[in-house]
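Chemist: Encoded as structure tokens, here's the structure I'll be asking about.
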């Protein structure tokens, strides 16, 4: 990086459903960057962000936004237009990764296993079961398990309550076969797979509360898996990152059915191009397992920043 004392704009907040988590990520990353000696300006992103950035003229934008607009290629396009180097993935990778149905098509074409799914309207899933239960209903383009519901086996009625959340779903939902068993996640840093975490939620499933509330889940790192399976998860995470065209730090989430009499099925759920950076977040924990402290992690992300990502 050319500047002797680089000026870093930490983009945080915004107006997505994940605003509060983004604020927490941004505060943690800004504090870590300040401790590393960077000049830092925190920006609670609003719709005047172009004007703010043009006036501020930072050397790098650290993207700590989560969810729509900050994670789906939109703010990345603004940063490309303003020629401000930025962290994480670029426009195309961000947009495709955020759209769960599109990214599943990319994974399937690359030979990465995915769960069977269909995209239907909110009205259709409220009127009848689109596929046989058990299945998961989720927004096509949201993160952090926002709006995720599980319809269990034997459910005798569809999820009519989804009609009250129609605005969140933007008219359509992804209905995906439920894979029982364990929630596994593997970070990727500059194309290299980190260690795998086995997430054990203390709530009914790994929902928004389990992700971000203290004590919402227990993390086992490295995950206790057979070596061949461990390497397979890491290989799928690396390949998913590669075929999407991701950059910087990302995280791939999986389900693995190791239940008694289960299928042994391993499927990828999604790649998160803007993983959380809070005290309870997964990627900092994976990096720490490799001996990379939080300050060094965010510093690496800044040094890795660029345009044309």
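Chemist: Condition check: over 19 Å from residue 283 (Cβ atoms) and crowded, with 18+ Cβ neighbours inside 10 Å. Does residue 84 satisfy that?
Modeler: Yes: the conditions hold for residue 84.
Chemist: Can you report the number of residues in region 239-257 which are touching a helix residue (DSSP H, G or I) at 6+ places or on another chain (Cβ under 9 Å) and over 26 Å from residue 65 (Cα atoms)?
Modeler: Final tally of qualifying residues: 1.
Chemist: Follow-up. Say we look at region 245-256 and pick out the residues that are closer than 22 Å to residue 284 by Cβ and in contact with a strand residue (DSSP E or B) (Cβ under 7 Å, 6 or more places away or on another chain); which of these is surrounded by the fewest Cβ atoms within 10 Å (Cβ to Cβ)?
Modeler: 253
Chemist: With respect to residue 107, is the statement that it is crowded, with 22+ Cβ neighbours inside 10 Å and in the same structural domain as residue 189 (by TED's automatic domain parsing) true?
Modeler: It is true that residue 107 is crowded, with 22+ Cβ neighbours inside 10 Å and in the same structural domain as residue 189 (by TED's automatic domain parsing).
Chemist: If you don't mind, there's one more thing I want to ask. Within region 40-49, work out how many residues are out of contact with any helix residue (DSSP H, G or I) (no Cβ under 9 Å at 6 or more places or on another chain) and part of a strand (DSSP E or B).
Modeler: Matching residues across region 40-49 total 0.
Chemist: Can you name every residue in region 31-52 that is free of Cβ contacts under 8 Å to residues at least 24 places away in the same chain and either within 22 Å of residue 303 (Cα to Cα) or buried (at least 17 other Cβ atoms within 10 Å of the Cβ) (or both)?
Modeler: 31, 34
Chemist: Then there's this: Applying the selection to region 1-30, what residues are assigned to a loop (DSSP other than H, G, I, E, B) and either under 22 Å from the mean Cα position of the chain (by Cα) or surrounded by fewer than 16 Cβ atoms within 10 Å (Cβ to Cβ) (or both)?
Modeler: Within region 1-30, the first condition is being assigned to a loop (DSSP other than H, G, I, E, B), and the residues that meet it are 1-6, 13-18.
Correct list: 1, 2, 3, 4, 5, 13, 14, 15, 16, 17, 18.
Chemist: Could you tell me whether residue 230 is in contact with a strand residue (DSSP E or B) (Cβ under 7 Å, 6 or more places away or on another chain) and either surrounded by 20 or more Cβ atoms within 10 Å (Cβ to Cβ) or touching a residue at least 60 places away in the same chain (Cβ under 8 Å) (or both)?
Modeler: no
Chemist: Working only within region 71-86, note down all residues that are under 23 Å from the mean Cα position of the chain (by Cα) and in a helix (DSSP H, G or I).
Modeler: 74, 75, 76, 77, 78, 79, 80, listed by residue number.
Chemist: When residue 267 is evaluated against the numbered criteria (1) in the same structural domain as residue 107 (by TED's automatic domain parsing); (2) surrounded by 19 or more Cβ atoms within 10 Å (Cβ to Cβ); (3) in contact with a helix residue (DSSP H, G or I) (Cβ under 8 Å, 6 or more places away or on another chain), which criterion, by number, is the only one it fails?
Modeler: Residue 267 satisfies all of (1) in the same structural domain as residue 107 (by TED's automatic domain parsing); (2) surrounded by 19 or more Cβ atoms within 10 Å (Cβ to Cβ); (3) in contact with a helix residue (DSSP H, G or I) (Cβ under 8 Å, 6 or more places away or on another chain) except (3).
Chemist: Of all residues in region 59-70, which are over 12 Å from the mean Cα position of the chain (by Cα) and surrounded by fewer than 24 Cβ atoms within 10 Å (Cβ to Cβ)?
Modeler: Within region 59-70, the first condition is being over 12 Å from the mean Cα position of the chain (by Cα), and the residues that meet it are 59-63, 69.
Scanning region 59-70 gives 59, 69.
Chemist: Condition test on residue 259, is it more than 22 Å from residue 114 (Cα to Cα) and surrounded by fewer than 19 Cβ atoms within 10 Å (Cβ to Cβ)?
Modeler: On the way: more than 22 Å from residue 114 (Cα to Cα): no; surrounded by fewer than 19 Cβ atoms within 10 Å (Cβ to Cβ): yes.
No, not satisfied.
Chemist: Residue 163 passes all but one of (1) out of contact with any strand residue (DSSP E or B) (no Cβ under 9 Å at 6 or more places or on another chain); (2) at positive phi; (3) modelled with pLDDT under 75; which number fails?
Modeler: Result: residue 163 fails condition (2) only.
Chemist: Filter region 87-129 for residues that are in contact with a helix residue (DSSP H, G or I) (Cβ under 7 Å, 6 or more places away or on another chain), in contact (Cβ under 8 Å) with a residue 12 or more places away in the chain and in a helix (DSSP H, G or I) and give the result.
Modeler: The answer is 91, 93, 94, 96, 97, 103, 106, 107, 122, 125, 126.
The values are calculated or read from the model by the stated rules, or taken from the named source; none is laboratory data. Computed from a prediction, not measured in an experiment: that's the story for all the values here. All Cβ positions, glycine included, derive from the backbone under ideal geometry; neighbour counts span all protein chains shown.
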